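Data block below; observations after.
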Amino acid sequence: MKFVVLQLFLCRFVYNVMSSDESHHRCNFLKESCICRKDQVTLLFAVDCSRLRIKEIPKLPNIIEELSFKENKIQVISDQAFYNLTNLLKLDLSNNEIYELKNLSFKGLTNLRSLNLQNNRLDASMANLNIHVLKPLENLISLNIKQNLFGNFQPNLTLLVSLRSLGMDFNSNDTGKISESFYSMKTLRELDLSGLTGNCSVRSLTNESFKYIPQIEHLSLSGCRIKHINKGTFQQLKNISTLNISNNTCLKFEVLENVTYDLQFSAIKVLKFNKIHKVFDMNTMLRTSQIKYLTNTSIKEMHGDSNRLQQIEIGALLFLPKTLDYVSARDNQFSYGPYLWDMLRISLKMFNISHMFTFHREDEHPEKCSYDIVCKKEPATESKMKYSMENSDQTFQATPLPIPHQLTSLNYSSCHLHYSILAYNLTKNNLRNVDLSNNLLTSWIGPIYNLKIERIDLSENTFESIDFDIGHLKCLKYLNLKNNRISYLSASAILQLVYIGNLNHNFKIDLSQNDFLCTCETINFVQWLVSTTVKLIGKKSYTCQLSDLTLVPIENIDEFYDTLSKDCLSKIPIIVALVASVSSVLIIICSGLIYRYRWKLRYAYYMIKIRSHKKMVLVENDDDKSYMYGAFVSYADEDGTFVHKQLLTKLEKEHGILLCLHKRNFLPGNDIATNITSAIHNSRKTIIIMSRNFLKSYWCMFEYNMARMESIYERSHENVLFLIFIDQMKSKELPLHILELVQSQSYIEYPNDEYGDTVFWDQITQVLSS
């Protein structure tokens, strides 16, 4: 008796501590290392005894309201194990080894609301989950018995008179059918049969499958390896609100006609049919017959992600009801088509088409369908999207781009977009949020007319400056340019931001994770950072690079600006004197012209010099002429070991491809630049050994640019450059002109495994031999 009183005293002490600071503490009334806490959301006193290798339920005080024993070694729940836990509301026994429940295992849990028995070893025997075991749980609302050993058996749960939510496995060798015992469970509203979180495998569904649960409102059949759904399967579920048939890749869009036919005149609000096509199926079209019955519903959400959807039949979208607010069509293959004009007549508010053209690997364990038509070609890439959009730009500019009138949010992120956004004219709309993040957008030329946007997300792109016109976006409240390549804001960009800020005092902009420059040339930008009233999100995390390449935080921007101003003022007399000099102006103009055409001029000079040298053997770029070398190798001296010990051995000695190396083949007496130009001109290809050392080398970059000029002016834009990456480099480390070449032409990465090494040398040999 004294021990029980002491337990209650300690528990109440812990409970009071939880109420005061809401932190986690070790439960000092248990020998196990359990955690006591007060849940900040539910305000319930919870004890967490998970992952402690516990083998049996210990004695516990009755003030506990949430209790977790998940991921332990419990095998048997003894009689009256929870007898005194009358206040317990939630019990988690998942991921144990429970194979036996006694008739009085749950005695005392009259107030229990949630029980999780997932992933144990319960089977269909009477020693397990029988009707007598569950009798004390008269107020249980939620039960999860997935991933046990029931097989095709469905336990009798009729004594759970308050049960509203059930998660269980659903297996059948042929047609799946819910047991007749469920007919008396009038309070059951949610049934989770998903194979993604349990075991579900049924070949087909018919009008017999769910006839004993007509009251169900939420039904999940995702990942159940269903091959076919017959018409009438869901016709009796008039109260159905949410239906999920996702991740059944043998169903295809054809099954939607049967599903939507059954759902008409029901209470359906959310329909999910994500990934009902395989990764490498042929691209698909959504047809009128497959969704026309939805016009007789009040559906609000529709999810059709990952279905290789490319086109929609003209007129099909017109059957969508006016109640539809949200459509998710992520990870598809959309192309421009006439169906876009049907969008004008639907009342959609939010549209998510992000992650288009995402590359997928084939499913590790694909379903076997009797009628697969599989496309093994490479999935659509960003180049296809770029082609589609660029070829439709003229159409967009001449004709307004169709936007649903009620659409307020558009998600176009992670779609591999790599082009400039030109001027567009949109149809009348209520668009407020646009997400174009995580693409490769380089510039926004604009403007975009008929747009009252409030939030634009352009983060994770490749913008180098704000060179687009946002002055007409008078409703703009938030602009996200996080993690781009912006070094400073120009005077015109600052004026536009000030203008927007004056119109909307709550205007915010996120410029974090950009590499700013703080020099005399950008002092106006630094001054704006000091004085602006525009709210800069994450301003304390901004950093700035000085003229000496020092990276400093701009947390104390006021003091930093004063120091920079003094440094810049001391240089004014020199600058004025230089500007006043007419000769200096002429030199600057000439230098600018020379710098702009520097590589073209250099190339022309050295080619003239080479042609005038009688001893130099030149080969004209005719298809019937051979070259002196198979390839010229451009590399940094620090990477010489790779070139001389591996590249030379593999290509010259093993495959007979003659290489030109600057340490071996350059003619003595000639200047370096002439030798380089001559070697590139007399070689069929130029191999670039790309590394961080290469980017730092002046002569390496000279060779790279000379090879570009050779490709443009001597080879009629033939691609003579072949890049080999021997360093793992992020795209942000590459200069923009090299990044564009990488994304548009051939390159290969040096592998780190034996199999990849063989493929690597075979591909290089094939390129140089063609």
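The values are calculated or read from the model by the stated rules, or taken from the named source; none is laboratory data. Here the structure is a predicted model, which is why all the values come from computation and not from measurement. Neighbour counts are summed over all protein chains in view; Cβ atoms, including those assigned to glycine, are modelled from backbone coordinates with ideal geometry. For accessibility, only protein heavy atoms count, side chains too; no ligands or nucleic acids. Shrake-Rupley method; radii C 1.70, N 1.55, O 1.52, S 1.80 Å.
Tabulated data for the structure shown
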quantity: Some residue of segment 478-487 being open to solvent by 70 Å² or more (accessible area, probe 1.4 Å) and either closer than 21 Å to Asn524 by Cα or in contact with a helix residue (DSSP H, G or I) (Cβ under 9 Å, 6 or more places away or on another chain) (or both); calculated: no
quantity: Matching residues in segment 115-150 - criterion: being open to solvent by 30 Å² or more (accessible area, probe 1.4 Å) and of a type in the set (S, T, N, Q); calculated: Asn116, Gln118, Asn119, Ser125, Asn139, Ser142, Asn144, Gln147
quantity: Helices (runs of 4 or more DSSP H) fully within segment 667-770 counting 2 or more residues that are among the polar types (S, T, N, Q), open to solvent by less than 50 Å² (accessible area, probe 1.4 Å) and within 30 Å of Ser465 (Cβ to Cβ); calculated: 698-713
quantity: Near pairs, Cβ below 6 angstrom, 6+ apart or cross-chain, from segment 336-357 (closer than 20 Å to Asp435 by Cβ) to any residue that is open to solvent by 40 Å² or more (accessible area, probe 1.4 Å) and assigned to a helix (DSSP H, G or I); calculated: Phe357/Glu382
quantity: Hits in segment 25-64 (condition: aliphatic (A, V, I, L, M), at pLDDT below 75 and open to solvent by less than 40 Å² (accessible area, probe 1.4 Å)); calculated: Leu30
quantity: Qualifying positions in segment 443-463 - closer than 20 Å to Tyr488 by Cα and modelled with pLDDT under 85; calculated: Ser443, Trp444, Ile445
quantity: So Leu219, is it closer than 21 Å to Leu140 by Cα and either touching a Gly at 6+ places or on another chain (Cβ under 8 Å) or part of a loop (DSSP other than H, G, I, E, B) (or both); calculated: no
quantity: Qualifying positions in segment 310-332 - more than 23 Å from Gln264 (Cα to Cα) and open to solvent by 10 Å² or more (accessible area, probe 1.4 Å); calculated: Gln310, Gln311, Arg330, Asp331
quantity: Residue count for segment 160-174, restricted to those that are part of a loop (DSSP other than H, G, I, E, B) and either within 13 Å of Arg225 (Cβ to Cβ) or hydroxyl-bearing (Ser, Thr, Tyr) (or both); calculated: 5
quantity: Boolean, Val279 is open to solvent by less than 30 Å² (accessible area, probe 1.4 Å) and within 20 Å of Leu205 (Cα to Cα); calculated: no
quantity: Top-ranked residue in segment 90-108 [being of a type in the set (A, V, I, L, M) and at pLDDT below 95; ranked as nearest to Asp39 (Cα to Cα)]; calculated: Ile98
quantity: Residue, least open to solvent (accessible area, probe 1.4 Å), within segment 547-566, restricted to residues that are under 34 Å from the mean Cα position of the chain (by Cα) and over 29 Å from Tyr478 (Cα atoms); calculated: Thr550
quantity: Subset of segment 429-465 [among the aliphatic types (A, V, I, L, M) and closer than 18 Å to Leu417 by Cα]; calculated: Val434, Leu436, Leu440, Leu441, Ile445, Ile448, Ile456, Leu458
quantity: Per-region count, segment 621-666, residues part of a loop (DSSP other than H, G, I, E, B) and under 17 Å from Gln763 (Cα atoms); calculated: 5
quantity: Asn152 vs. criteria assigned to a loop (DSSP other than H, G, I, E, B) and within 25 Å of His228 (Cβ to Cβ); calculated: yes
quantity: Complete set of residues in segment 95-127 that are in a strand (DSSP E or B) and either in contact with a Cys (Cβ under 6 Å, 6 or more places away or on another chain) or closer than 12 Å to Ile74 by Cα (or both); calculated: Glu100, Leu101
quantity: Looking only at segment 170-189, and only at residues there that are in contact with a strand residue (DSSP E or B) (Cβ under 7 Å, 6 or more places away or on another chain) and crowded, with 18+ Cβ neighbours inside 10 Å, the one that is nearest to Lys146 (Cα to Cα); calculated: Phe170
quantity: From the options Ser194, Ser220, Ser246, Ser266, residue that is buried (at least 18 other Cβ atoms within 10 Å of the Cβ) and either in contact with an Asp or Glu (Cβ under 7 Å, 6 or more places away or on another chain) or of a type in the set (A, V, I, L, M, F, W, C) (or both); calculated: Ser220
quantity: Index of the failed condition, Gln646 passing every other in (1) closer than 20 Å to Ser769 by Cβ; (2) of a type outside the set (Gly, Ala, Ser); (3) open to solvent by less than 20 Å² (accessible area, probe 1.4 Å); calculated: (3)
quantity: Residues located in segment 468-477, provided they are open to solvent by 30 Å² or more (accessible area, probe 1.4 Å) and out of contact with any strand residue (DSSP E or B) (no Cβ under 7 Å at 6 or more places or on another chain); calculated: Asp469, His472, Lys474, Cys475
quantity: Any strands (runs of 3 or more DSSP E) falling wholly within segment 388-497 and containing at least 1 residues that are of a type in the set (Ser, Thr, Tyr); calculated: 409-411, 478-480
quantity: Tally, over segment 428-467, of residues that are surrounded by fewer than 20 Cβ atoms within 10 Å (Cβ to Cβ), within 26 Å of the chain's Cα centre (by Cα) and of a type in the set (Phe, Trp, Tyr); calculated: 1
quantity: Total residues in segment 488-502, condition within 12 Å of Thr533 (Cβ to Cβ), open to solvent by 30 Å² or more (accessible area, probe 1.4 Å) and aliphatic (A, V, I, L, M); calculated: 1
quantity: Cβ-Cβ under 6 Å pairs, at least 6 apart or on other chains, segment 628-648 side within 24 Å of Glu710 (Cβ to Cβ), far side open to solvent by 70 Å² or more (accessible area, probe 1.4 Å); calculated: Tyr629/Leu658; Gly630/Leu658; Gly630/Arg684
quantity: Total residues in segment 500-521, condition touching a Lys or Arg at 6+ places or on another chain (Cβ under 9 Å) and assigned to a helix (DSSP H, G or I); calculated: 4
quantity: Scope segment 217-263; condition at positive phi and either touching a residue at least 40 places away in the same chain (Cβ under 8 Å) or of a type in the set (Asp, Glu) (or both); matching residues; calculated: Arg225, Asn247
